[in-house]
Each structure stands twice: as structure tokens, then as C-alpha cells.
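This report concerns only the one structure given below.
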Amino acid sequence: MRHLLDTESLGRDNAIAILDTAQEMSAVGEREVKKLPALRGRTVVNLFFEDSTRTRISFEAAAKRLSADVINFSAKGSSVSKGESLKDTAQTLEAMSADAVVIRHWASGAPARLATSGWIDAAVINAGDGTHAHPTQALLDAFTMRTHWARLTGTPSVGGDLAGMRVLIVGDVLHSRVARSNVWLLRTLGARVTLVAPPTLLPVGVEHWPCEVSYDLDATLEAGVDAVMMLRVQAERMKASFFPSAREYARRWGFDDARLARLDALALKDTIVMHPGPMNRGLEISSGAADSPRSTVLDQVRNGVSVRMAALYLLLSGDMKAVPTPALPAFAQPAAKDHP
Amino acid sequence: MIHASHLIRSASLLGKGTADVLVRDGVIAAVGQDLGGAAIDGATVIDAAGLVALPGMVDLHTHLREPGREDAETVETGTRAAALGGFTAVHAMANSSPVADTAGVVEQVWQLGRESGWVDVHPVGAVTVGLAGEQLAELGAMADSRARVRVFSDDGICVSDPVMMRRALEYVKAFDGVIAQHAQEPRLTAGAQMNEGKVSAVLGLAGWPAVAEESIIARDVLLAQHVGSRLHVCHVSTAGSVEIIRWAKGRGICVTAEVTPHHLLLTEELVRSWDPVYKVNPPLRADEDVHALRAALADGTIDIVGTDHAPHPSEAKECEWAAAAMGMTGLETALSVVQETMIESGLMTWADFARVTSAAPAAIGRLGDQGRPLEPGEPANIVLVDPAARWNVDPAAMATKGRNSPFAGMELPGRVVATFFRGHPTVLDGRLNTPYLHGAR
Ligand SMILES: [Zn+2]
């Protein structure tokens, strides 16, 4: 595996290798000298076509802890036409001998395009593309869940998966690359995922995903759950009539203080509440929930650095298992059922 | 004798019995067994044993890009591609720059076609000024111009305002015109990138629902019925659209429909590659849509194949999916793709092929001298096809400027060996010969 583009094509072995390596990397973060020489002399470029300070500094910290040289390249606001700028930028980075390109892009598929276009030879890590995928976010979420699940089940986390864990992903699934990447990765790791959202914020075609779907947050909580992942919701979505008002959204699909209390009433004492950040407090999550002992928000941030160190290290050291390129069906043409 | 004459020996006419065809003075002079003697004195003999003779193909849907986007295509390069693809007439869509919304622009395009001499170029007139959907273009002036426009379309953009559509349908009755609708409800497709369904859900690309096409077609067939007008539906792409058109035809509504070669062969699964060569409007749909389109073309619910040939400069496709232009080239692959999907599959015969690629589109465009039977006295617009040939699609080897063929790398059946346009061989041995010189002979 040369690139980390999505979680749909990430096999179980590689996923667990990343999580296990991240666990080793997390120990580095605890040390006084938070640095390993692993990527000395290698160049990692953070190529951001969309602002995200949080993700950029997480990748930057990860690369620096591995002693790589880091170049931050913000391509946002380029006056060149969007298309030319990806190709030209890629060729510029190629000329600079980048070993890895961490790319964040507003367009779904841009990292895959970069990886397969032949414009550049570097390893490509998707740091979030449009509404498609955000694999390192899903990996850090899985890492956070695995630590919790191992503690609960009394098993070692290294080498382990999420078999049997019940996970809710709640909110704007339609526009969420975080949700998409989590659904595929959590499926691979054996968790049981339920998406909870207003019907307007679920994609047509979601019925083909390897998960359950519900419109009723309270009912899914009642059914029992080990982790609740709240997705960021943009209040502006109400202008496009995805929901009537922020208040109505918060009442029906927000993780508010009442629902936090409900977890206690349901004796779900070990259920964690997750959020990829940045949070809209009062909309999809209340401050009470975000700051409660159940919240893993800061663990997720911390784990993000470890997971990104692991991804960079494994991709650049060539220790990822080869995965066959998912072959498109022959020309994606219909089967021969017309043929007599 | 002014024109050179050609004797086509032992061709299989429409894939049926073999005969000789004598082409002289721009017309089919004789059809029969073992034509010989004085009749063929001086004629160039073409051995057509094993070849299928068909009426020259007529494309109702071609983007030639000139004037304005000569970097993408010109009338000269586009019509060379057409001749190589087996066409003797193309309809040039109106979304040039300036838009073909006046008699001046359509006459310019028509004149460029005459000067090129590879095929007849029939300009399509815009329905509304600047394709803006706000004011009717001078449809009558375009109809009365030397270009004799009969097909009007805002293709690329839907005539979405129902009142505008009604007026256009009514108005063109005055000169037996037809409105060719690009059926795409704009609000339902704002920002749309690909067919909405299983694949768009996974890829996180904004979906293009089938209902955005079907709702416009449903509205338009009812409007056509109400005002008693002729409606043509461009590039039908969904199974639901087929059902609506079938229903409308059953009610006697005067509607014709078109399907592109790419919608007969390719599906949305290709979008998983993220290669924008597969980005097109309307989008590639699902497997069941492809099968419904094939069945509809075979049973006559869909009347014609239109290429929607849409060349783009490579920079328009060398980018992220969302930033890429929509469209695919098609003139030089249409015959092979239709052979692959409709004839090799047993759904149609070569006679059916001639109907959907020549006679029916010519009738919709009201062309008197195209799409005619291969009979004595008819204009000699003929294509000779080797149905047994197979070839690998290489966009770099094409005559079109566009390199955006979604069939690149595929092996397809059928090769155009010769194209006769007004009795003149524009293509011989599968290569461009010389253009027809209007008025010079
Ligand atoms: Zn169109």
C-alpha cells in the first residue's frame, strides 16, 4: 500500500498495523524528548487547499516527531483555475522531491486523483477530501474506541479490534467525510454501527452501507450503545431546508444534557461521547456533554498525532501490506444478460 | 460526366443480401447483381465483399465548438471526425460563443460546414437568447436563413421555465421545427456531479437524481400534447425516462427520443476511478438504466442514437472531478459502440441500425437528402463498414481535437472502411480522403 486515500479499501491487517504502531508512537508523546529519528532526511508536504488549522498542526506535529522535514503549502485562494492548480502544484512538489504529500482538499477525490494521475511519485495521505473521506480521522476515532473497548473487555488493545462494540454516528452524514470513513473502518474492525440523522441528511444509497440507519436518537440510545459519535452540523444547512431550525435540530438530534442524563438512567455507565471537532456547542452537543467525563474529545486530538505518526511511518518505511488495486468491473459495463 | 463514379462491388446492403452499387453524379445510379458493361466505364471499383453498406449516419447532437472554442474543436476537425465515424450529416449544437441564436451565427456555422466539405453541417438554433432562458431567440429568422434551421435547443441548459417551453413548442410549429430539450431540472441538480445513488453515496459526490430528468420529460410531453407540437428529448439516460416516453408515445404524443452511445455502454461504476473522462451530462447511470435504454432503442421507444460529441481541451479534464468539464467525444466511436451494445447483443439488425442512426434522425431534422434508402436515384450518402474488424480505441489517433474518449483502451467491433458523401468518397480504406467541394464541380 503506497497511499492512504480512504478506509473503504483499507484492509483489516493494515488498519490494525496502523493502530498498533500508533500505540507505540503514543509512548513517544509521553517522553521528555518527543522525537524519533525514523524519518530523518525525508520531506513531508502539508498541501492544504482548504483551511484546517487543527488537522494541519496535527500532521505537522506527527511529521516533526518523526524528524521529517515539513513544508506547509497552502494552495487556498490560488488565482489559477482549480484544475490546473492541482496538477501544477503536484509537479512543483515533485520537483521538490517530496516523499509524502498530506493533502486536504475541498473536492471529493482530489487525493485519489493526485495519487493516480502520474503527476507525482510521493506517497499521498488524504487529510480530508470534500464529503468523501477522512481516513486518519476515522483511524484516530477507532484508536480511541479500541483503547476504551480493551479496558472494558479486559483484553490487550494491541492486535485487537472492535468486535461487538455498538457505535452511533449522529448528525449530518450526508456532508460528512468523517462519517463515511468511520462506517467503512468500523465495519472492518467488527463494530456494529448505527447512523442516526434526519432523513434529509442521509445520502440516497445509504441503504447499501454496512450499517443500520435510524431517525430516532432516543430509541437508539435506549437500545444500548458503547460509543456515541456526534458530527458537526453547520447551522447554515437550515437555509437549504435540510432542517427547519437549529433549535429543532438540537432537540431531536443533539446530544444535550437530558440525553447525557439518560445514559446514566439507562445504566450505560461506560458509554463514551465522541466528537471530531470543531464542536458547535449547543447545536449538536451541549457543553455539559462535551465537558463530561464521558467525553473523549481531547483524547481524540491527542491520538490524532499518534495515528498520523503511524501512517507516515508505515507508508514511508514501506511496511504496509500491498493491497490489490480495487479493480473496476470490466469497463463497468453491464453483464452479458442481453447476449443470447 | 462531371463526377467520378464508383462501383461498390458485393456489399451487403443493410447487412442483408449482397449487391453492387453504382455511385455516379452524387446519386446512386444503379443497384443490382454484377453490374457491368458500359454502365461502369471509368468507375473506380471498390471491393466491398464482407462489408455492410449503410446510409450515411446522421448525428442530431454534435458539439463542434466553433465559433468561440476553437481550442476544443473546429468545424473542420469535428467534421473530419464525423466522416471517419461514418457520418454524412451532423447537427451542430448552439452552445458556441457567441451562441447560435441569430441567423448570422447559424449561417456562419453552415458556411464553415460547406467550406470544409466533409459532411453536411446543420446548425441547431438556440431556443432562447444566449441560452439564458429569458427571451425567445429569433427562431423564424434562423429557420428562414440559408442554414434552414429546423432543430432548436438550449442544449447544455434545460429550458426549465414551463411557460418558455410552451411558447417555444408552439412557435416552431410555424415552420415545422422541433424543440430538442436537455431535460435537467436545475434546482434538483445544483452542484450535481454524478448519478445519485449507491456510488455517489460512497464517493461523497453531489447526486444528480434521475427524477431531475424524468420530471422535465413528464412535463414536456404533456406540454407537447397540449399545444400539439413536436418535442425531441436529448440524451435520455434513465429507465424512468424511458417509461414516461413509452407512455407518451402510447397516447399519440408527438415525441422523439435520443440515447448516446456512452449511455448504452458505460455505468456510474466508472466514477470510482475519479477520472473526469467519465464526467458527462447527463451522468453515467446504473446497470438497470443501461439495459432499459438498450431495450427502448430496440423497441423504438427511443428513436435515435445521438453522439453528444463534446470535445474538451485536456486541461478541462486534468483536474479534480468537481472542477472538470462535462462531456465526452463520440463521433469516431459511435458506430462501434452501437454495434457492440445493440448488434453483437442480438437486440438489433443492421437495418435497425440504419433506422436509428440515419433515417430517423434525418426525419426529425427534416433533412430531405439524408437518411434515404440505398436505392437508385437516392443521394449517394453511404458508409461501408467492416463488421468483423476489431480495433483498440486510441484517442490520440482520432481526428477530433478532443482526447476525452471514455472508450480509450477498449477493444470495439466494427470499422468504417469508406464514407461517401454526396457521391464523393470522404473516407477510403479507413482513412480520410478528400472533402466534397460544394459548387465547384
Ligand atoms: Zn445536453
Just to verify a result, which residue in segment B:93-127, among those that are closer than 14 Å to B:R146 by Cβ and part of a loop (DSSP other than H, G, I, E, B), is farthest from the ligand (Cβ to nearest atom)?
B:T102
Pairs with Cβ under 6 Å, 6+ apart, first in segment A:126-140 and more than 13 Å from chain B (Cβ to nearest Cβ), second of a type in the set (K, R)
A:A127/A:R104; A:T136/A:R308
Considering segment B:73-102 alone, what residues qualify as being in contact (Cβ under 8 Å) with a residue 40 or more places away in the chain and either among the basic types (K, R) or surrounded by fewer than 24 Cβ atoms within 10 Å (Cβ to Cβ) (or both)?
B:T74, B:E76, B:T77, B:R80, B:L84, B:N95, B:T102
Would you say B:V90 is within 16 Å of the ligand (Cβ to nearest atom), at pLDDT 95 or above and more than 15 Å from B:V427 (Cα to Cα)?
yes
Which residue pairs have Cβ atoms closer than 9 Å, lie 6 or more positions apart in sequence or on different chains, and pair a first residue in segment A:220-241 that is touching a residue at least 40 places away in the same chain (Cβ under 8 Å) with a second residue that is open to solvent by 80 Å² or more (accessible area, probe 1.4 Å)?
A:T220/A:E212; A:L221/A:R262; A:E222/A:R262
Sole residue being at positive phi, open to solvent by less than 10 Å² (accessible area, probe 1.4 Å) and not basic (K, R), chosen from A:G118, A:G130, A:G109
A:G109
Looking at B:G50, is it of a type outside the set (S, T, Y) and surrounded by fewer than 24 Cβ atoms within 10 Å (Cβ to Cβ)?
yes
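Conditions (1) over 17 Å from the mean Cα position of the chain (by Cα); (2) among the acidic types (D, E); (3) open to solvent by 10 Å² or more (accessible area, probe 1.4 Å), marked per residue:
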site	(1), (2), (3)
B:I343	yes, no, yes
B:T357	no, no, no
B:P376	yes, no, yes
B:N392	yes, no, yes
B:R415	yes, no, yes
B:T419	no, no, no
B:V427	yes, no, no
Just one of B:A180, B:A206 is open to solvent by less than 50 Å² (accessible area, probe 1.4 Å), at pLDDT 95 or above, among the small types (G, A, S) and under 25 Å from the mean Cα position of the chain (by Cα); which is it?
B:A180
Out of segment B:287-297, which residues are within 9 Å of chain A (Cβ to nearest Cβ), more than 25 Å from B:R403 (Cβ to Cβ) and not acidic (D, E)?
B:H291, B:R294, B:A295
Condition first: within 14 Å of chain A (Cβ to nearest Cβ), assigned to a loop (DSSP other than H, G, I, E, B) and acidic (D, E). Can you find one or more residues in segment B:140-155 that meet it?
no
Given the condition open to solvent by 10 Å² or more (accessible area, probe 1.4 Å), touching a residue at least 60 places away in the same chain (Cβ under 8 Å) and more than 9 Å from every other protein chain (Cβ to nearest Cβ), answer yes or no: does some residue in segment A:99-106 qualify?
yes
Those residues of segment A:115-125 which are over 19 Å from the mean Cα position of the chain (by Cα) and within 12 Å of chain B (Cβ to nearest Cβ), in sequence order:
A:T116, A:S117, A:G118, A:W119
So which residues in segment B:249-270 are within 11 Å of chain A (Cβ to nearest Cβ), in contact with a Gly (Cβ under 8 Å, 6 or more places away or on another chain) and open to solvent by 10 Å² or more (accessible area, probe 1.4 Å), if there are any at all?
B:E268
With the structure loaded, tell me whether B:V45 is crowded, with 24+ Cβ neighbours inside 10 Å and assigned to a strand (DSSP E or B) or whether it fails that test.
no
In segment A:244-265, is there at least one residue being away from chain B (no Cβ under 14 Å), open to solvent by 10 Å² or more (accessible area, probe 1.4 Å) and within 27 Å of A:R12 (Cβ to Cβ)?
no
For segment B:183-194, which residues satisfy the criterion of being open to solvent by 10 Å² or more (accessible area, probe 1.4 Å), in contact (Cβ under 8 Å) with a residue 40 or more places away in the chain and within 11 Å of chain A (Cβ to nearest Cβ)?
B:Q193
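Residue-wise test of (1) assigned to a loop (DSSP other than H, G, I, E, B); (2) at pLDDT below 95; (3) under 22 Å from A:R104 (Cα atoms).
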position	(1), (2), (3)
A:M238	no, yes, no
A:A267	yes, yes, no
A:D270	yes, no, no
A:D299	no, no, no
A:M309	no, no, yes
A:L312	no, no, yes
A:A322	yes, yes, no
A:T325	yes, yes, no
A:P340	yes, yes, no
Lone unmet requirement of (1) more than 9 Å from chain A (Cβ to nearest Cβ); (2) surrounded by fewer than 22 Cβ atoms within 10 Å (Cβ to Cβ) for B:S273:
(1)
Any residue in segment B:137-161 that is more than 16 Å from the ligand (Cβ to nearest atom) sitting within a Cβ distance under 7 Å of a residue that is among the acidic types (D, E)? List the pairs, counting only those 6 or more apart or interchain.
B:A137/B:D101; B:S145/B:E107; B:R146/B:E107; B:A147/B:E107; B:R150/B:D176
Any residue that is of a type in the set (A, V, I, L, M) and open to solvent by less than 20 Å² (accessible area, probe 1.4 Å) - is there at least one of those in segment A:49-58?
no
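The values are calculated or read from the model by the stated rules, or taken from the named source; none is laboratory data. Quick caveat: nothing in here was measured; it's all calculated off a predicted structure. Counting neighbours? That spans all protein chains shown, and the Cβs are built from the backbone with ideal geometry, glycine included. The accessibility values were calculated without ligands, DNA or RNA, using every heavy atom of the protein model including side chains. Shrake-Rupley method; radii C 1.70, N 1.55, O 1.52, S 1.80 Å.
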